Amino acid sequence: MRDYLVIGAGSAGCVMAAELARRGAGSVMLLEAGPAETHPLVSIPFGLVWLMNGPRDWAFKTTPQTHAGGREISVPRGRMVGGSGSINSMVWFRGRQDDFDNWGVDGWSYADVAPAFDAVEQELHPVRLTKAHPLSHGLEPLFGNTSPTPEAQSGGLLSHNKTRYRRRSAARAYLRRRNDVEVRTGCEVDRILWNNDRAAGVVLADGTEVRAAKGVVLCAGSVASPAILMRSGIGPKDHLSQLGIDPRLDSPDIGENLHDHPGVGLHFEGPRSGYGLEPAQWLSWALAPLNYALAASGPLSSPTVEAGLFFNARGNSDQPDVQTHFIPFHLAHKPPKYQAKAGYFADVCLCRPKSRGRLRLASKDPKAPPLIDLGLFADDSDLDTMVAGIGRLRELLKDADFGKHRAPEVHPGETVTGEALKTHIRNSAGTAYHPVGTVRLGGPLSERLSVNGVRGLWVADASVMPQVTSANTNAPSMMIGWRGAQFISEEAA
Ligand SMILES: Cc1cc2nc3c(=O)[nH]c(=O)nc-3n(C[C@H](O)[C@H](O)[C@H](O)COP(=O)(O)OP(=O)(O)OC[C@H]3O[C@@H](n4cnc5c(N)ncnc54)[C@H](O)[C@@H]3O)c2cc1C
């Protein structure tokens, strides 16, 4: 029997397991539902395009979104070692310093979390993109600076957790050189196994029991961690009773507070603009594997999101409330997915959305996908900021230095403004794939990430963020895994 079971080998789970072992907290087994991350498309930066919606993606859908056209929106989540960090765009941001201060949780101010970010960055080595498409350089002059940061209006090439050739995920950085973490793939956890009020192990979806001497750490992400807790009897009592789950601990906040960065994109299309399958680029696509193998350049070496902006939607403050991801590739706005065109894409994502949704179980069957209600645009002000943000983005992009690669906006099209733009956003917005908040710190969790009311059970992943950080969430998720390992090791000592 191992001392600790870590559930979910994602961004946080890999850091958690490796750090528990390095700190000598005890023996560690990491249980992952999906396969290993050895598929070549995981390493190749552009490979994520083919991984999404495949067997390495949980490919969840939301419930019909009441304020977003009743649509069921895609919620991709990595399903393999490395988790969502094995299919993400590798964009690296800590967030704003006051994001952490504003959490208002003891021990989680920016001063408290900064050393954990420092430690994680020593392993992940995020670096500014080299060999970007010329279009991506076009954002650099917009704010007179070349390093985007959510702390100020800014724009330019992004930093990524990749080497010249390969994705450098938490799995690669933390797990590959440790032989003291036993990683078991293909192990989908159903629920916690209890010994009175102590977590004594887990039951897998196939009924197998795996026991732990010291405890269980949930790192299964914002969708699965609350779902596992609920199937284990920890959650809103009435909801669990309705599903025939014995409520062990009434914890009404579990599954609440679900939110994500809403996003909507502008599509630009024109000959010889961005990467695309227009006939003029067929030869370079044919040579792309060689270009990648010999020089780490060309489309296969691109993490897709190459550049970005942070700006104030209404332009009346220098504090950004919007993030733009810039992708110098033609993205189809209607089927078919692959079209013989060239173009580029830029989105408007809200840094600090106000809307909140909730996650609930559909049934106690671990194979049934949970009911994910992101509550998109439940708060009207989010939609207003998106509309203003698109207006400002259109103006900013007019000043971008796109040169001969500039192309016109074809979707929704510059004439779509005001109420029509609002309707367009409701009917087409998605998210930046950053769901958080379902097991928030200061709610069901103590400041040291242990689940209140039981023993030997911790949660450490994106689900614990009380509010989403102002930029991408991978680095903060790893920081949380690192801190969780620190807390658990200190308790074990
Ligand atoms: C397509 C995409 C692009 C993104 N791009 C970026 C980006 O460029 N930059 C950025 O900062 N963030 C990005 N993100 C978000 C970022 O990757 C996540 O916020 C982060 O990985 C979350 O880490 P986590 O540890 O909470 O969860 P995950 O990394 O999702 O890990 C959860 C793990 O638990 C496993 N698991 C789930 N259920 C079970 C179960 N029942 N039993 C056992 N194992 C289970 C999963 O398979 C997975 O491996 C992106 C996300 C996606 C999906």
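The values are calculated or read from the model by the stated rules, or taken from the named source; none is laboratory data. Because the structure is predicted, anything quoted here is derived from the model rather than measured. Glycine also receives a Cβ, built like all others from the backbone with ideal geometry; neighbour counts cover every protein chain displayed. With ligands, DNA and RNA removed, areas are computed over all heavy atoms of the protein, side chains included. Shrake-Rupley method; radii C 1.70, N 1.55, O 1.52, S 1.80 Å.
It is to be established whether one or more residues within segment 2-11 are touching a residue at least 60 places away in the same chain (Cβ under 8 Å), assigned to a helix (DSSP H, G or I) and among the basic types (Lys, Arg). Break it down into steps so the answer makes sense when it comes.
Start the filter on segment 2-11 by keeping residues that are touching a residue at least 60 places away in the same chain (Cβ under 8 Å), which leaves 2-11.
Now restrict to residues that are assigned to a helix (DSSP H, G or I): 11.
Now drop any that are not among the basic types (Lys, Arg), which leaves none.
Checked against the condition, which is being touching a residue at least 60 places away in the same chain (Cβ under 8 Å), assigned to a helix (DSSP H, G or I) and among the basic types (Lys, Arg), segment 2-11 yields no hits at all.
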Taking segment 343-385 and keeping residues touching a Pro at 6+ places or on another chain (Cβ under 8 Å), part of a strand (DSSP E or B) and open to solvent by less than 10 Å² (accessible area, probe 1.4 Å) leaves TYR344, CYS349, LEU350, LEU359, ILE372
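Here are some residues: ARG394, ARG426. Which one is more than 16 Å from the ligand (Cβ to nearest atom), open to solvent by 40 Å² or more (accessible area, probe 1.4 Å) and in a helix (DSSP H, G or I)?
Numbers: ARG394 fails: open to solvent by 40 Å² or more (accessible area, probe 1.4 Å).
Of ARG394, ARG426, the one residue that is more than 16 Å from the ligand (Cβ to nearest atom), open to solvent by 40 Å² or more (accessible area, probe 1.4 Å) and in a helix (DSSP H, G or I) is ARG426.
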Criterion: over 21 Å from the mean Cα position of the chain (by Cα), under 24 Å from ALA460 (Cα atoms), more than 16 Å from the ligand (Cβ to nearest atom) and surrounded by 19 or more Cβ atoms within 10 Å (Cβ to Cβ) - qualifying residue of SER251, SER232, SER273: SER251
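Residue check: is THR469 within 13 Å of TRP103 (Cα to Cα), under 18 Å from the mean Cα position of the chain (by Cα), within 13 Å of the ligand (Cβ to nearest atom) and of a type outside the set (A, V, I, L, M, F, W, C)? I'd like the intermediate steps shown before the answer.
Working: within 13 Å of TRP103 (Cα to Cα): yes; under 18 Å from the mean Cα position of the chain (by Cα): yes; within 13 Å of the ligand (Cβ to nearest atom): yes; of a type outside the set (A, V, I, L, M, F, W, C): yes.
Against the criterion (within 13 Å of TRP103 (Cα to Cα), under 18 Å from the mean Cα position of the chain (by Cα), within 13 Å of the ligand (Cβ to nearest atom) and of a type outside the set (A, V, I, L, M, F, W, C)), THR469 qualifies.
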May I ask you to list the residues in segment 276-319 that are within 28 Å of the chain's Cα centre (by Cα), of a type in the set (Ser, Thr, Tyr) and surrounded by 12 or more Cβ atoms within 10 Å (Cβ to Cβ)? TYR292, SER297, SER301, SER302, THR304
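Do we find that SER86 is within 16 Å of the chain's Cα centre (by Cα), within 10 Å of the ligand (Cβ to nearest atom) and surrounded by fewer than 19 Cβ atoms within 10 Å (Cβ to Cβ) in this structure? Before the answer, list the steps.
On the way: within 16 Å of the chain's Cα centre (by Cα): yes; within 10 Å of the ligand (Cβ to nearest atom): yes; surrounded by fewer than 19 Cβ atoms within 10 Å (Cβ to Cβ): no.
No: the conditions fail for SER86.
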Residue list for segment 436-451, restricted to those being open to solvent by 10 Å² or more (accessible area, probe 1.4 Å) and at pLDDT 95 or above: ARG440, SER446, GLU447, ARG448, SER450
Among the candidates ALA280, ALA200, residue that is at pLDDT 95 or above, over 19 Å from ALA368 (Cβ atoms) and not in a strand (DSSP E or B): ALA280
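Return the residue satisfying two criteria in turn: it lies in segment 429-440 and is of a type in the set (Val, Ile, Thr) and more than 10 Å from the ligand (Cβ to nearest atom), and of such residues it is farthest from ILE480 (Cα to Cα).
Filtering first and then ranking leaves THR438.
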Would you pick out the residues in segment 54-80 that are away from the ligand (no atom under 14 Å from the Cβ) and either in a loop (DSSP other than H, G, I, E, B) or open to solvent by 10 Å² or more (accessible area, probe 1.4 Å) (or both)? THR63, PRO64, THR66, HIS67, ALA68, GLY69, GLY70, ARG71, GLU72
Within segment 469-485, residues open to solvent by 10 Å² or more (accessible area, probe 1.4 Å), more than 18 Å from LEU175 (Cβ to Cβ) and of a type outside the set (Ser, Thr, Tyr) come out as ASN472, ARG483
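Mind listing just one residue for me: the one in segment 7-50 that is among the β-branched types (Val, Ile, Thr) and within 13 Å of the ligand (Cβ to nearest atom) and, of those, surrounded by the fewest Cβ atoms within 10 Å (Cβ to Cβ)? Give the steps one after another, and end with the answer.
Within segment 7-50, the subset among the β-branched types (Val, Ile, Thr) is 7, 15, 28, 38, 42, 44, 49.
Among the residues that remain, those that are also within 13 Å of the ligand (Cβ to nearest atom) are: 7, 15, 42, 49.
Values: ILE7: 29, VAL15: 34, VAL42: 24, VAL49: 17.
Among residues in segment 7-50 that are among the β-branched types (Val, Ile, Thr) and within 13 Å of the ligand (Cβ to nearest atom), the one surrounded by the fewest Cβ atoms within 10 Å (Cβ to Cβ) is VAL49.
In segment 95-113, how many residues are farther than 12 Å from THR469 by Cα and out of contact with any Lys or Arg (no Cβ under 8 Å at 6 or more places or on another chain)?
So in segment 95-113, the residues farther than 12 Å from THR469 by Cα come out as 104-109, 111-113.
Add one more test, that the residue is out of contact with any Lys or Arg (no Cβ under 8 Å at 6 or more places or on another chain), and what stays is 104-106, 108-109, 111-112.
Final tally of qualifying residues: 7.
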What is the number of the single condition among (1) away from the ligand (no atom under 16 Å from the Cβ); (2) more than 20 Å from the chain's Cα centre (by Cα); (3) open to solvent by 80 Å² or more (accessible area, probe 1.4 Å) that ALA340 does not meet? (3)
Going through segment 117-138 one residue at a time, which ones are open to solvent by less than 10 Å² (accessible area, probe 1.4 Å) and within 14 Å of the ligand (Cβ to nearest atom)? PHE117, VAL120, LEU124
Sole miss for PHE402 among (1) closer than 30 Å to PRO271 by Cα; (2) modelled with pLDDT under 95 is condition (2)
As an exercise: evaluate TYR110 against (1) farther than 21 Å from PRO369 by Cα; (2) without any contact (Cβ under 8 Å) to a residue 60 or more places away in the chain; (3) within 15 Å of the ligand (Cβ to nearest atom) and give the number of the one condition it does not meet. (3)
If VAL202 satisfies all but one of (1) of a type in the set (A, V, I, L, M, F, W, C); (2) open to solvent by 10 Å² or more (accessible area, probe 1.4 Å); (3) within 12 Å of the ligand (Cβ to nearest atom); (4) more than 18 Å from PRO35 (Cα to Cα), what's the number of the condition it fails? (2)
How many residues does segment 208-222 hold that are touching an Asp or Glu at 6+ places or on another chain (Cβ under 8 Å) and either open to solvent by 40 Å² or more (accessible area, probe 1.4 Å) or closer than 21 Å to GLY82 by Cα (or both)? 7
